[in-house]
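Here's the structure we're looking at; comments come further down.
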Amino acid sequence: MKKSILTASLIVIFSFSCKKELKNTEPNIETKTTLENTDGPVDGAEPEIDMGDIMNVVGGLLNPSTAPDSNSKSLFTPSGALNIAYLKSEEGKSLRKTFADIAGVSEEEVDLSLTLMPDDNIVSVKHAEAIEKDLNNPEVEAYIKSGKASNNFLDLIKESKEKAMVRTASFKKRAQKAKEQFYKDNPSWFALDETTEDTFIDSRKEMVYLPLGNLSFADSVIVFSPGEPSGRSPEKGLGPSQGDASLQTDCALLGLGGSVIYFFKDNAITDINGPDLYVFEMGQNIEATNLEISKDGVNWVDLGKIEGGTASLDISNFAKKGERFNYIRLTDLKSGFGPPPGADIDAVAAIGGALRMNLDSAVLFETGKHELKEEGKMAIKILAEQMKNLQKGAITVEGHTDDMGSDTTNKTLSQKRAASVAAELKKAINKPAFKWKEVGYGESKPLVENNSDENRAKNRRVEILVTPY
Ligand SMILES: [Ca+2]
Ligand SMILES: [Ca+2]
């Protein structure tokens, strides 16, 4: 899978170039061909070459026996795909020269054409959009406009672009279906905005729409018990999924019977219609993994297991609407066959999770005051506008201060500030079907240590938690 996509662009180079420049290549292109002895075009008649021959050329040139490793220094990735990142690197220089000779373009043109080739598989819609944007690389456009471009180069660019567009369009089409399904299940969901949402692909090519995009993923490791034989790197299960481009080395390895507790900081697990949790596991089969969630990291709710073809879980039987859970514990159930033993976790996402937003007190209030500034009212209006589709939900407004001044003063100030923000937000949203709560935490829940002016400013904030349901 990875192979076909990653090699697609290079096949363009080769299919194109082989027809034009590799003259006497009749089937006996030896797979042992080395970089040295393929330098330069070969004389002879111009044959038709099929894809198999092209792959032989590629395979021979790139000498796959130089064993794949995971540190981007190899010509092939562990899954057998061409390593575009390598080609672009300093070490790939001699290979680029060979390409130039074969393709009948200059070395500069090879470098330029490589800028249009994504390093890796498409991971998400945002990634596909970035790839599309890169296809209009101003450097390439300027070079073409300069009139210096060879015809071979122009053909190469055209084909590369077309191939890339086919890939991104097909990814986005599949992703759109996942998104439509989500909004069919949750018609009034709070779509923060289009810059936040994203759809990811997992290692089994399932599409997962996440309205909170990158925010949906787990944010920190609380505890890791590596099991026996032992797992490693629990932090690799944090943050966005690498999708079907993920490698075992990019994953958290739980180890046999191992477990990890992850914390969601800017979002939370909550029950929406349909599945609520998605575990991006590496490989075709989900290794049996038990899932538990908790509000406080102390009391746990056992959700049961994911395994085989099931990577998602619905928490509706275990949670009330509007309840928020910030912790998840994953425990390997010893079903996996090593090496390495145990589940390999690429990422963990709360699908429709509650969202935690952070407003800077400096934007909202004058020092020591709790009446909103005009600028603060505007910030809240913008927030309400983003929530316009949300018909029903729970909103908690939390006030927080730094550690300057007494505990009591800070607590009172934070309560009054939370109340001011809640009142303004209520006015702006103006819908009856919300549950509201305001809390003043004073200085008791700092985001960062109060040890510098910069950090104190970060701690002076109002947080808004929105739980759609
Ligand atoms: Ca998160
Ligand atoms: Ca659900």
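Nothing in this text is a laboratory measurement; each read-out follows from the coordinates by a stated rule. The structure displayed is predicted, hence computed values, not measured ones. Glycine gets a Cβ as well: all are built from the backbone with ideal geometry, and neighbour counts include every protein chain shown.
Structural remarks
- Counting 0.36 nm for each residue step from Asn285 to Ala362 and taking away their Cα separation leaves a gain of 22.8 nm.
- Trypsin sites (Lys or Arg not before Pro) restricted to region 130-177 and DSSP loop, no more than 14 other C-beta within 10 Å: Lys148
- Normalised per residue, the volume of the convex hull around the Cα set of region 355-468 (Å³): 88
- The alpha-carbon atoms of region 243-287, seen along their principal axes, cover 31, 21, 20 angstrom, with the largest extent given first.
- Given Lys97/Lys133; Lys133/Lys161; Lys93/Lys148; Lys179/Lys236, the pairs whose alpha carbons are separated by over 19 Å: Lys97/Lys133; Lys93/Lys148; Lys179/Lys236
- Each peptide in 390-400, 454-464 gets a packing score, the mean of other Cβ atoms within 10 Å over its residues, and the list from highest to lowest is 390-400, 454-464.
- Approximate shape of region 198-352 as ellipsoid semi-axes (Cα gyration tensor, √5λ), whole Å, largest first: 22, 17, 14
- Stretch gain in nm, segment Val301-Ser89, where the contour uses 0.36 nm per residue and the Cα spacing is subtracted: 71.5 nm
- Student exercise, region 198-352 dipole from Lys, Arg, Asp, Glu Cβ charges, in Debye to nearest 20: 220
- Inter-centroid distance (Cα atoms) of region 284-298 relative to region 301-355, Å: 4
- FRET efficiency estimate (nearest 0.05) - Cβ-Cβ, Tyr183 to Lys369, R0 41 angstrom: 0.50
- Here the extension length gained between Thr412 and Ala457 equals 14.4 nm, from 0.36 nm per residue of separation less the Cα-Cα distance.
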